[in-house]
Structures are given as structure tokens and as C-alpha cells.
Amino acid sequence: MRYILASASPRRRELLSHILDEFEVIPATSEEVVDLSLPPEEIARSLAEHKCGEVFSSNKDAVVIACDTIVVFCGEILGKPKNAEDAKDTLKKLSGKVHLVITGVCIRAGGKKISSFDKTEVKFNNLSEEFISAYVAGGSPMDKAGSYGIQDEGVVKEYYGSYTNVVGMPVRLVKNMLEQIKQ
């Protein structure tokens, strides 16, 4: 069976390699359209379904896996930072506080399509101005929703739920969904 990851994320690629020995990477390229009137879980799921559908439309012989991760703080969706100042503002906002990380997952194969989401609660350490400046200067926040990576030292104090969900692909959920789609 041919598998495709519809993402350019190196973190998702690494996580999927824990489940599948072989897969191709074909990122979705169209603009993401978000219906902000939906609950956050449905926004994440909808974004994953859009990516999956785009890649599946030209690869109908494959199993296509797509994910989209959003960070939600006080009802606001925090995407990837637009620039370094945006990243700093987001990190200041999250410092010492709790937020949600929601990853939508969609898998398509043949005439089947399943989608779901996973949710993890994350609490940040209290981040100093110096830490934030050095962290942003290091570049890690620039391609991540919420402007951080859970794997980066000093940012996250604790979390409740799936670690891999926060990284960008809830491995246990994806593994279960792949088993379902094969049935």
C-alpha cells in the first residue's frame, strides 16, 4: 500500500516514521480557509480535511494522511507567527499560563475518509524577556503554531494529554485511524 503524508513538517515526518516504514511526502499547497465560527476542534479537523482532500485528489491510489495543529488561548486561535515580534508577543501572552493544542487528523483511502482530533492542555513556564528574545532569535518559533515547540527546553512546564499531539501528530490516534481505514 502506498502512503502519503500531506505535510512538509519535519516533525510530522519523524513521528509518522514511528508508525510506517515507508511513505511519501506531498505537502498540500493551497491557501488554508478557516471558518472561525466553528469550535476550535472542528477548525483543526476542517483544516486537516482540506489538506487531505487536496493531496488525495491527485493520488487516489494512496492512503493520504493530513494533520493541522492549532493553539487556542482564551478563545483565540494562535497560528504560526508572522514575524519575530509576533512570536515574542505570543510567547509573552502564553508565559505562565495554560492553553490548548488541538491537532485535526484526516485520512483518506479509496472511498473512505475518516477524521478526528486530539487535544492537549499545556502550561508554560514563566518566561523572562531575555529568554523570549534569545528563543525567538534562535528561530525555533517561526514555523510553529503558538510560536513554540514542546521539545524546546525551558518553554513548557507541564502538559496533560498527548506529547506527540503538541509536536504536530498524535501518534496513537493516527495509528488507530490507519487501522480503521484498512478495515
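The values are calculated or read from the model by the stated rules, or taken from the named source; none is laboratory data. Keep in mind the model is a prediction, meaning the values are calculated, not measured. Methodologically, a virtual Cβ is constructed for each residue, glycine included, from the backbone with ideal geometry; neighbour enumeration extends over all protein chains shown. In case anyone asks, the SASA skips ligands and DNA or RNA and just uses the protein heavy atoms, side chains included. Shrake-Rupley method; radii C 1.70, N 1.55, O 1.52, S 1.80 Å.
So what's the back-of-envelope 222 nm ellipticity for the chain, counting only DSSP H runs of four-plus at -39500 (n - 2.57) apiece and dividing by all residues, rounded to 500?
That calculation yields -10000 deg cm²/dmol at 222 nm.
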Counting only protein heavy atoms with a 1.4 Å probe and every protein chain in place, the carbon and sulfur fraction of the accessible surface of the stretch 24-104 in whole percent equals 52 percent
Nearest 10, in degrees from 0 to 90: the angle of helix 84-94 to the longest Cα principal axis of the chain is 80 degrees
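Tell me the Kirkwood radius of the stretch 19-127: reciprocal of the mean inverse pair distance over distinct alpha-carbon atoms, in Å. Show your work: numbers first, answer last.
Numbers: mean 1/r = 0.0653 Å⁻¹.
For the stretch 19-127, inverting the mean 1/r across all distinct Cα pairs yields 15.3 Å.
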Could you grab the relative contact order for the chain? Cα pairs under 8 Å, six or more apart, rounded to a whole percent.
23 percent
Quote to one decimal, in nm, the extra length available between residue 143 and residue 129 on full extension: 0.36 nm per residue of separation minus the C-alpha distance between them.
3.0 nm
Over the stretch 129-171, what per residue volume does the convex hull of the Cα atoms give, in whole Å³?
74 Å³
Suppose the chain between residue 159 and residue 95 were pulled fully straight at 0.36 nm per residue; how much longer would it get relative to their current alpha carbon spacing?
21.6 nm
With a Förster radius of 30 Å, plug the Cβ-Cβ distance of residue 80 and residue 182 into 1/(1 + (r/R0)^6) and report the FRET value to the nearest 0.05.
0.35
Name the long-range amide H neighbours of residue 7: under 5 Å, sequence gap of 5 or more, or other chain; modelled H, no Pro or chain starts.
26, 28
GNM top mover of 18, 50, 99 - the chain, alpha-carbon springs below 10 Å
18
Based on alpha-carbon positions alone, could you give the equivalent ellipsoid semi-axes of the stretch 35-97 from the gyration tensor, as √(5λ), descending, whole Å?
30, 14, 9
Report, to the nearest 10°, how far helix 171-182 tilts away from the longest principal axis of the Cα atoms in the chain, using its own Cα long axis and a range of 0 to 90°.
10 degrees
Considering only protein heavy atoms, what per residue accessible area in square angstrom results for the stretch 48-135 with a 1.4 angstrom probe?
44 Å²
Only Cα pairs under 8 Å and at least 6 apart count here; give the relative contact order of the stretch 19-88 as a rounded whole percent.
23 percent
Quick one: Debye curve from the alpha-carbon atoms of the chain only, equal weights, vacuum; give me log10 I(q)/I(0) at q = 0.13 Å⁻¹ to two decimals.
-0.64
